[in-house]
Amino acid sequence: MRENTECILNSEYYIHGNDFLIAMKKPHLPPTPCQGCAGNTSCSDLDRRQILQLLGSGLATSLPFMASNASAQATPLLLVDADAEQGFAPLRPSDLKVAKPLLAFPFDTQTGKPKNESRANKLVLIRLPEDQMEAATKGRSVGGVLAYSALCTHQACDVKTWIAKEKVLVCFCHASKFDLLDGAKVVDGPASRPLPSFSLKLEGEFLAVAPSSPANQSS
């Protein structure tokens, strides 16, 4: 069982399975706070409230790395693997396997450092068939790669697990499901807002977020 088991079993929803998430409601239990999140750094930290306020706006421009690079003259931000600790290698579309989510941070080429000072800057990248995307979603992609906030809009847990059968991204903590082919709209679970989305472009051969061209998500 995965390390988030405690977090899940103490919530209104529970998840089990090794390679795939199976989310089921437990209507006979009253809604309770997620006790497992208290000791899990992937879904709880000191700035949770601030992060939820940022995510609640629904605007990509509200996130820290976008707000600090909002001018039209700002250098496009490349993307690097969130797990990298040194030797940061900018990501190409070909670095992503189809339907295999990857957590990433924007990378500032001027400082040579990822913008990982806040969890709110964490993105989830995924490569999906372009012919299955809604038109607006396809317009934000490049090479079939889409970029969304990696923090669930319910309680700011990391959201990074793809269920191929349902074609949704699932949050481990409380089983919210997001349709990434259609702007990350919520299709199940307690989250009430879609994940903020980001328009991608190519800088040479590398994936980049252009601060001057944020995704138009204002719902």
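Excluding residue 206 itself, what net charge comes from residues whose Cβ is under 12 Å from its Cβ, given Lys and Arg +1 and Asp and Glu -1?
-1
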Self-check item: Residues 193, 92, sorted so that the one with the fewest Cβ neighbours within 10 Å comes first
Solution: 92, 193
Self-check item: Simple spin-label estimate for residue 182 and residue 84 in nanometres, 7 Å along Cα-Cβ
Solution: 3.5 nm
Quiz item: Net charge near residue 105, counting Lys/Arg +1 and Asp/Glu -1 over other residues with Cβ under 14 Å of its Cβ?
Solution: -1
Quiz item: How long is the gain from residue 138 to residue 103 if the chain were fully straight, where each residue apart is worth 0.36 nm and the alpha carbon distance is subtracted?
Solution: 10.6 nm
Exercise. Could you rank the peptides 180-190, 124-134, 141-151 by their average count of other C-beta atoms within 10 Å per residue, with the highest value first?
Key: 141-151, 180-190, 124-134
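If you rank 107, 88 by fewest surrounding Cβ atoms within 10 Å, what's the result? Present the calculation step by step, with values, prior to reporting the outcome.
On the way: 107 26, 88 17.
Fewest to most other Cβ atoms nearby, the residues stand as 88, 107.
Laboratory data are not the source of any read-out in this text; all were calculated from the coordinates shown. Worth saying up front: this structure is predicted, and the values here are computed from it rather than measured. When we count neighbours, we look across all protein chains shown, and the Cβ atoms used for this are built from the backbone with ideal geometry, even at glycine.
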